[in-house]
Amino acid sequence: MDRHNRAIDPIELRRAFGTFVTGVTVVTTRDEDGEPRGMTANSFTSVSLDPPLLLVCVNKSASSFPAFATTQSFAVNLLHEGQVDVSAIFASKSLNKFDAVNVDSVHTGAPVLTDSLTWFDCTVHSRVDAGDHIVLIGHVRAFGTSPATPLGFCRGRYVSVNDPLPTGWSASQSMVVGYLIEGSDSILLRCDEKGHLSLPTARTRKADNQVVLASGQSVSVEPERTFLYSVFDVADSAPGYLIYRASIAADAARDLPEGLQFFPIDDLPYERIPSREMKAVLRRYARERKGRRFGIYMDSRNGGRVAMIESEGLYGA
C-alpha cells in the first residue's frame, strides 16, 4: 500500500487533533418537547463577523444529537476554569445535567448558562453533514462575556490559561442593566425554569417609556420616572450591574411578558432569589420605601456606600 492510500489510525489521529489547545463549551438547545438538551464540545470556532457566524460540531453518537439535528436555535456556552465539573456532567449521559447549572432564555429561547465565561445565543444558519458529525453554523443573535479565566483543554486533559485578560481589554461588553419596576405595592421579578427569581434585565440603560428586556420583549413604564438606584460588581467572573428603579405604566400590569410576575414588596420570596447581591438590593429598596427616602448605592473596594437623596420630589415617589 503506498503512503498516500494507507489507512489512518483513528486513535492516533484523535491524539494529533488533541494537541491543538482549545477552550471547552457546553452547547445547548431544546428538543421538540421543549426540554433542555446539552453536551460538552470543544470543536468550536468563529466564522464571520458580518454576518456574525460561528460553528460547532456535534457528534452523531451523542444522545442529544436528534435535538441538534432538527433545532432552529442553540446556544454555545464557553466555560471558565471553575467549571470543570460542568464540563464533566455535560460530557456524561446523565439525565439531570441541567440540575447542576442555572439557565436563562435570552433571545432565541435556547438555554443559556448564566455562569459561564461567554455565551452566544444563535439561530441555525445552516447544517453541514460531515462524516460522524454535523457542523452547526449559527447566526449570533445575542452574546455576553466576562473577565473570568477560560477553561482550556489539550491532549485529553484540562489545562490552565495564563494572563487571560491582557491590559486594556474590557472586562465585559457592558454592564448588566437591571430594572426594579414597581406597581401596586409590588415588584416585578423574572422567574426562570427552576423557579429562581431575579430582576428583569434590559438591553439598554435608562429607558424612556419602554424597558426593552434582554428577551426582546418590553414593559411600559412611566416616562420621566426612571432613576439610577444601584451600581455594583458581583464577582471577578461576572460583569457589574446597573440597577434602575421605575414605575409600571397604567394598564401595563395586565399584559406582562411571559416569565414576569409581580410580588408584594412586604412579602418578597427571598428564598427563591439565588443572588446575594439581588437580595441586598431588594431588601434595601423595601426598607427605604417605607421611609420614602431613597438612596443610590455605589460599589467600591471598601464595600461601597449609599448616597441618600434628601428630597423625595427630586427622585420620584
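The values are calculated or read from the model by the stated rules, or taken from the named source; none is laboratory data. From a predicted model like this one, the values you see are computed outputs, not experimental measurements. Here Cβ is always computed from backbone atoms with ideal geometry, including for glycine, and neighbour counts include all displayed protein chains.
If you check Ala91 against the conditions, is it buried (at least 19 other Cβ atoms within 10 Å of the Cβ) and of a type outside the set (Asp, Glu)?
For Ala91, the condition - buried (at least 19 other Cβ atoms within 10 Å of the Cβ) and of a type outside the set (Asp, Glu) - is not met.
Can we say Arg14 is of a type in the set (D, E, K, R) and either on the phi > 0 side of the Ramachandran plot or part of a strand (DSSP E or B) (or both)? Please lay out each step first, then the result.
Working: of a type in the set (D, E, K, R): yes; either on the phi > 0 side of the Ramachandran plot or part of a strand (DSSP E or B) (or both): no.
No; evaluated as a whole, the condition is false for this residue.
Phe120 - would you say it is touching a helix residue (DSSP H, G or I) at 6+ places or on another chain (Cβ under 7 Å) and crowded, with 20+ Cβ neighbours inside 10 Å?
no
Being assigned to a loop (DSSP other than H, G, I, E, B) and in contact with an Asp or Glu (Cβ under 8 Å, 6 or more places away or on another chain) is the filter here, so list the residues in region 251-278 that pass it.
Scanning region 251-278 gives a single hit, Gly259.
Contact list please: Cβ distance under 9 Å, first residue in region 147-162 and assigned to a strand (DSSP E or B), second residue at pLDDT below 75 and of a type outside the set (A, V, I, L, M, F, W, C), pairs at least six apart or on different chains.
Note: pairs meeting the criteria are Pro150/Pro164; Phe153/Gly18; Cys154/Gly18; Cys154/Thr19.
Please enumerate the residues belonging to region 60-92 that are in a loop (DSSP other than H, G, I, E, B) and either in contact (Cβ under 8 Å) with a residue 40 or more places away in the chain or over 15 Å from Pro111 (Cβ atoms) (or both).
Result: Lys60, Ser61, Ala62, Ser63, Thr71, Gln72, Leu79, Glu81, Gly82, Gln83, Ser92.
Residues are listed down the side, and each one gets a yes or a no for (1) among the acidic types (Asp, Glu); (2) within 21 Å of the chain's Cα centre (by Cα); (3) closer than 21 Å to Leu151 by Cα:
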site: Arg14; (1), (2), (3): no, no, yes
site: Val21; (1), (2), (3): no, no, yes
site: Thr25; (1), (2), (3): no, yes, yes
site: Gly38; (1), (2), (3): no, yes, yes
site: Ser61; (1), (2), (3): no, no, no
site: Ala69; (1), (2), (3): no, no, no
site: Gly82; (1), (2), (3): no, yes, yes
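Which of the residues belonging to region 37-59 are at pLDDT below 90 and touching a helix residue (DSSP H, G or I) at 6+ places or on another chain (Cβ under 8 Å)?
Scanning region 37-59 gives a single hit, Asn59.
Quick one: in region 157-183, of everything that is modelled with pLDDT under 80 and under 17 Å from Thr201 (Cβ atoms), which residue is surrounded by the fewest Cβ atoms within 10 Å (Cβ to Cβ)?
Gln173
Going by the conditions given, is Leu95 in a loop (DSSP other than H, G, I, E, B) and either of a type outside the set (S, T, N, Q) or under 17 Å from Tyr158 (Cβ atoms) (or both)?
yes
Within region 44-59, track down each residue that is more than 20 Å from Phe153 (Cβ to Cβ), free of Cβ contacts under 8 Å to residues at least 24 places away in the same chain and surrounded by 11 or more Cβ atoms within 10 Å (Cβ to Cβ).
Looking only at region 44-59, we keep the residues that are more than 20 Å from Phe153 (Cβ to Cβ), and these are 47-53.
Those still in the list that are free of Cβ contacts under 8 Å to residues at least 24 places away in the same chain too: 48-50.
Residue satisfying the conditions is Ser48 alone.
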